[in-house]
Structure formats: structure tokens, C-alpha cells
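The values are calculated or read from the model by the stated rules, or taken from the named source; none is laboratory data. None of the values given here were measured: they were computed from a predicted structure. Backbone-built Cβ (ideal geometry, glycine too); neighbour counts: all protein chains shown.
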Amino acid sequence: MVINEMTEKDSGAFLANASLGRLGCSLNNQPYVVPIYFVYEPDYIYVLSTFGQKTEWMQRNPNVCLEVDEIMNQSQWMSVIANGRYQELPEPQYTSERDHARTLLAKRHSWCQNALAERQLKLGDDSIATLFFCIHVDSLTGLCATGESAESGNAAQK
Ligand SMILES: Cc1cc2nc3c(=O)[nH]c(=O)nc-3n(C[C@H](O)[C@H](O)[C@H](O)COP(=O)(O)OP(=O)(O)OC[C@H]3O[C@@H](n4cnc5c(N)ncnc54)[C@H](O)[C@@H]3O)c2cc1C
């Protein structure tokens, strides 16, 4: 298997085509990871979110990351990590950013169902409060595994 580092440009292109990632945050030396839907455009990740542990923790410690991967098989996969800073987008200061995030997120299939369904299960309330937040992306790294190397392929044939 050959593993290559992806360029920042390729990592960004990968994120732009993805929609589900794992959001990582931490507080008091305790990591916390949850799946979320997102949209990426250069330097920003937008999310529609419910309130809860993740938003409380990110308010207190805005240093977060998002991991996204695509796994074709054990030796063919891509994995990208974005590190950045959490920022809520409340009304009315961020109306245009919220509209922008809403427009981008609305292009995704069933973009809000998972966020709301989880809350409704827990709280039994149909009027669940939501917020938009963004992550200011500070760094992007990516790894790409492209299958067996020519040498190992030849060795296997011998
Ligand atoms: C495919 C998918 C897409 C999703 N997309 C979004 C999204 O776009 N926006 C969004 O806000 N949420 C989304 N969710 C739900 C999200 O993963 C969290 O479950 C939810 O946001 C609640 O997180 P919280 O920290 O606010 O929960 P809290 O209720 O505050 O968490 C309390 C405790 O519940 C447990 N818990 C919470 N969530 C999970 C979980 N997912 N798995 C296991 N245990 C859990 C943890 O132990 C946590 O300590 C998605 C879930 C899935 C599966």
C-alpha cells in the first residue's frame, strides 16, 4: 500500500465534495467526537447544530477539528483533518453568514434531519432550538492510500 500526503488544495477539494464528518472538541482533557453534516468552502466549515454538550464545550474551548474519510477498501482510502476555531453565528450580527450557510447546507439531501431527530428522541420536543456555527479552518492535512505498490504487486505474482 502506498500512502501519500495530499496537498492542501486536494484536501480542500475532498472536503468540498463530502458532507458527513466527525467533529472533535475537548474540555478538561476529555475529547468528544460526534458525527455531523457540514459544508466546506475555502477557509470555512458550516454546520446546523442542536444545542448540547458539543456546543457547550466548543463555547468554552473553541479549538476544534473535523475528520472526514472515504474508505473504498483497506488499501484505498482518503482521510482529511481540518483544524480550526469554533464560532457561533447568532442573529442579527451574522444574518448574511447564516443565510449563506443555510443556502449551502440546503443543497445537501436531508441536511437537518439527523441533527433534529437525535434531539427529538432525547427531548420529545418538536420545536427544537438550533444554531448555525462555522469553523474557521486554520490548517488542512490529508492522507491518501492508493492500493498496493508496483513492487508488492509483482512480489504477490511470483
Ligand atoms: C449521520 C449523522 C449526522 C448528524 N448530523 C448532525 C448535524 O449536522 N448537526 C447536529 O447538531 N447533530 C448531528 N447529528 C447528531 C450528533 O451526532 C449528536 O448526536 C447531536 O448533535 C447531539 O450532540 P450533543 O453533544 O449536543 O448531545 P448531548 O445530548 O448534549 O450529549 C449528551 C451525551 O449523549 C451522548 N451522545 C450524544 N450524541 C451522541 C452520538 N451521536 N453518538 C453516541 N452518543 C452520543 C454522549 O455520551 C454525550 O456525552 C448527526 C448524527 C448522525 C448519526
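A few remarks follow.
- The listed residue being surrounded by 13 or more Cβ atoms within 10 Å (Cβ to Cβ) and within 16 Å of the ligand (Cβ to nearest atom), out of S26, S11: S26
- Where a residue in the range 70-83 is without any contact (Cβ under 8 Å) to a residue 12 or more places away in the chain and its partner, wherever it lies, is in a strand (DSSP E or B) and surrounded by fewer than 18 Cβ atoms within 10 Å (Cβ to Cβ), with Cβ under 7 Å and at least six apart: I71/W77
- Matching entry among Q76, Q53 (being in contact with a Gly (Cβ under 6 Å, 6 or more places away or on another chain) and modelled with pLDDT of 95 or more): Q76
- Which listed residue is over 18 Å from A13 (Cβ atoms), more than 12 Å from the ligand (Cβ to nearest atom) and among the aliphatic types (A, V, I, L, M), from V47, V68, V64: V64
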